[in-house]
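The values are calculated or read from the model by the stated rules, or taken from the named source; none is laboratory data. Remember, it's a predicted structure, so these values are computed and weren't measured experimentally. Note: ideal-geometry Cβ built from the backbone for every residue, glycine included; neighbour counts use all protein chains shown. Protein only, heavy atoms only, side chains kept; ligands, DNA and RNA dropped before computing areas. Shrake-Rupley method; radii C 1.70, N 1.55, O 1.52, S 1.80 Å.
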Amino acid sequence: MLKQIMIIAKTETKMLLRSWVTIFTAFMLIVIPLIFESPLEAGRIWTHNSAAYACNQGVVVTTMMSISVVVASVYYKDKISDMPIIIFSNPITPKMYCLGKFLGVYIYMLLIALSSNFVALFQPLLLGRLMIYSPLEFLKVFILYTVPSSLVMTLIAYFIEVIFNKTVVTLMLPTSIFFLVEKLNPIFQFRINEFQLSNLIKRNFTPELIKFITINRLYVLGLSLILLVSSLLIFSPKKILRGDKIVN
């Protein structure tokens with residue numbers, strides 16, 4: 001079972017990396033954060049820590065604006081091709097297919113986000129400094145911040161695609177939801193707000209900050225689990241099969 005799921009995920013990730021979507025996603029997650037969320041800007045603190053948080057803040061924000069396109073492209077491709085028919089001719093259940101597709105998208109987003117972090121490591125060289133940022137510092141922030149935030153945003157877009165199965169809805173609704181969430185209490189937001197981010201950069205680890213980060217990250221992971229289970233329960237292969245093809 002796990003082998004089939006990972007084969008689907010691996011195939012989906014490869015197909016995304018080879019598609020036009022990668023040009024769009026790379027521009028959003030790599031180029032834009034490098035320009036607008038860079039510690040090279042005037043007034044930024046020149047530290048490994050601040051650079052790591054600035055980079056990953058940019059990645060999370062741009063993921064909000066790009067994940068809908070990635071998810072919509074994945075299922076649109078299936079709707080206009082015979083790929084699902086070929087897949088379901090093998091011993092693959094709908095839940096395995098649904099989970100494999102999701103993992104393929106999520107792994108793809110993490111690869112692009114990780115590439116953004118890798119590029120940002122070399123920012124000091126742009127100012128003629130013979131150094132790079134600490135990879136370990138970037139990796140810690142990536143795991144704490146980008147991994148869970150990207151997970152919940154990917155699942156929101158994925159869940160909407162599974163429910164409505166309409167490309168237009170998938171393209172528009174998740175982004176609207178992300179911006180509405182920004183109006184909520186900071187503890188329920190998918191990105192870390194500027195005040196808490198500033199404390200993290202300064203390493204001002206007060207009990208309040210630790211409590212906030214713990215609750216926020218647990219909330220994000222809990223919501224992700226609910227969305228994943230719901231997607232698996234709701235998913236029906238009939239929505240993506242063309243004509244009167246039958247799934248055994």
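Modelled spin-label separation between VAL229 and PHE36, with each label point placed 7 Å from Cα along the Cα-to-Cβ direction: 3.6 nm.
Each Lys or Arg adds one and each Asp or Glu takes one away; over the other residues whose Cβ falls under 12 Å from the Cβ of MET64, this sums to 0.
What share of Cα pairs, in percent, lie more than 27 angstrom apart in the chain?
Values: 11861 of 30628 pairs.
Roughly 39 percent, once rounded to a whole number.
Which whole-number percent of Cα pairs in the range 124-248 have a distance greater than 16 Å?
On the way: 5558 of 7750 pairs.
Here the tail beyond 16 Å accounts for 72 percent of pairs.
Computed extension gain for THR214 through LEU180, at 0.36 nm per residue and net of the alpha carbon distance, reaches 10.0 nm.
Taking the protein heavy atoms of the range 178-235 in the context of the full set of protein chains, the accessible area attributed to carbon and sulfur is 71 percent at 1.4 Å. Quick one: angle between helix 94-120 and the longest Cα principal axis of the chain, in degrees between 0 and 90, rounded to 10, please. Tilt relative to the chain: about 30 degrees.
Ordered by packing density, taken as the mean number of other Cβ atoms within 10 Å over each peptide's residues, highest first, how do 97-110, 212-225, 134-147 rank? Could the numbers behind the result be given before it?
Values: 97-110: 22.4, 212-225: 15.6, 134-147: 17.7.
Peptide ranking by packing, descending: 97-110, 134-147, 212-225.
The slack in the chain from ASN165 to ARG129, taken as 0.36 nm per residue of separation less the alpha-carbon distance, amounts to 7.9 nm.
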